[in-house]
1. Could you give the length gained by full extension between A72 and A273, i.e. 0.36 nm per residue of separation minus their alpha carbon distance, to one decimal place?
2. Within the stretch 250-290, report the GluC sites (Glu not before Pro) that DSSP leaves as loop and that have at most 12 other Cβ atoms within 10 Å.
3. Please determine, in degrees from 0 to 90 and to the nearest 10, the orientation of helix 48-62 with respect to the longest principal axis defined by the Cα atoms of the chain, where the helix direction is its Cα long axis.
4. Among [x] 59; [y] 53; [z] 69, only one was calculated for this model; which label is it, if the read-out is percent of Cα pairs over 25 Å apart?
5. Which aspartates and glutamates, if any, have their Cα less than 18 Å from the Cα of K278, not counting same-chain residues under 8 positions apart?
6. Trypsin sites (Lys or Arg not before Pro) within the stretch 59-99: which are DSSP loop residues with at most 16 other Cβ atoms inside 10 Å?
7. Dipole magnitude of the chain about its Cα centre, charges +1 at Lys/Arg Cβ and -1 at Asp/Glu Cβ only, in debye to the nearest 20?
8. Nearest 10 degrees, 0 to 90: what angle lies between the long axis of helix 169-179 and the longest principal axis of the chain (Cα atoms)?
Amino acid sequence: MDPKQQLLNLPCALEDLLGRKRAEYEDLIHRTRWGAGPLCVLARGDSMPNAATAQLAFESLLGWPVLTRHPALFLEYAMPLLRPGLVLLVLAPERRSPQVRQIIRAAEGQRLPVLTLPALRNPAATDGSAASRPVRANEESEVRSPILEQAAICYFATLAARLLKPPQRQIEACREELERLPRHVDWVLTQAGAAIRSLAAEMRLHRELAVVGSGFYYPTALHAQRVFSRRPDARATAVGPPEGFDPGAELPVCLVLSGSRCRARQSVERFLAQMLEKRTRVLAITDGSDRAVREASDIALLLPPLSEMAGSILAHVVVRWLGCELDRARHEAGRTSPPG
């Protein structure tokens, strides 16, 4: 499917994922044998940003340790982790990997829970084994978009915290806000087009871009690094303050992803102070309540103020739209360029 069309379909897809699938996710949570051991996420390549989201979501909401492993490295070094208490989480792009299927078979041999999100079926659960935890749904309902995968991970972790921990207003508020996400995405798609095209026009002027994000916004920065690096004449680098930044580095322009309710906001503000000293041009995707980032930016695209988790997903929508605009401009330039 065309990337722009996929974005236009996103509100309906989110409605399905965050509304009608809630009962299936809650049933999956109830039927999974959660142990005292860690949650291990199998991911590689394009799956890695959402593996980072899973780590933040499960650790912050449930207090469970989370490991992220490349399937090949898991086979070589981490198979001893397959012992009672461990839960495996397989991200959608890895479902049909021979390495992942080998790991799943070994986990099933020890009757360990295997979760596949946001796919709505377990990749190896063709025999109804007790170790696997499939969610039955139609083939057409499977999630393929990185944004939907990010949302599914956050929603699943929130529902798990709601069902497995004592009642907390903060967790209930997270659930309610995630379920309102489709209308916020619809607002971006219908109201933010001019601002996104303006930001894309500015980004086309620069060949190097640092994409800055902390907390839940860092996985979105990793997505942005991959999206913006598709341009053959440009390079994007994800930066996650307070780590991952060389204070002596010269950055001609940076794109800051943040929000007023980001827990790691102070590290982003310190980063911005350093950028202002260096006279770096600062672009930002944040919300109208994030005064520090807004005032430090040369150009700021303002979104509705949301929690860090929901805000990072909405910023990801903007990142994908920016990628579509950059791709469109590159194709148009190629059609109008005279033959060499």
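1. 68.3 nm
2. Hits after loop and neighbour filter: E250.
3. Once rounded, the angle reads 60 degrees.
4. Read-out from the structure maps to [y].
5. Answer for K278, where 18 Å is the Cα cut-off: E208, D246, E250, E269, E295, D298, listed by chain and number.
6. R96
7. 400 debye
8. Roughly 70 degrees, rounded to the nearest 10.
Rule-based calculations on the coordinates, nothing more; no lab input. All figures in this text were calculated on a predicted structure; none of them were measured in a lab. As a convention, Cβ positions derive from the backbone with ideal geometry for all residues, glycine included, and neighbour counts pool all protein chains shown.
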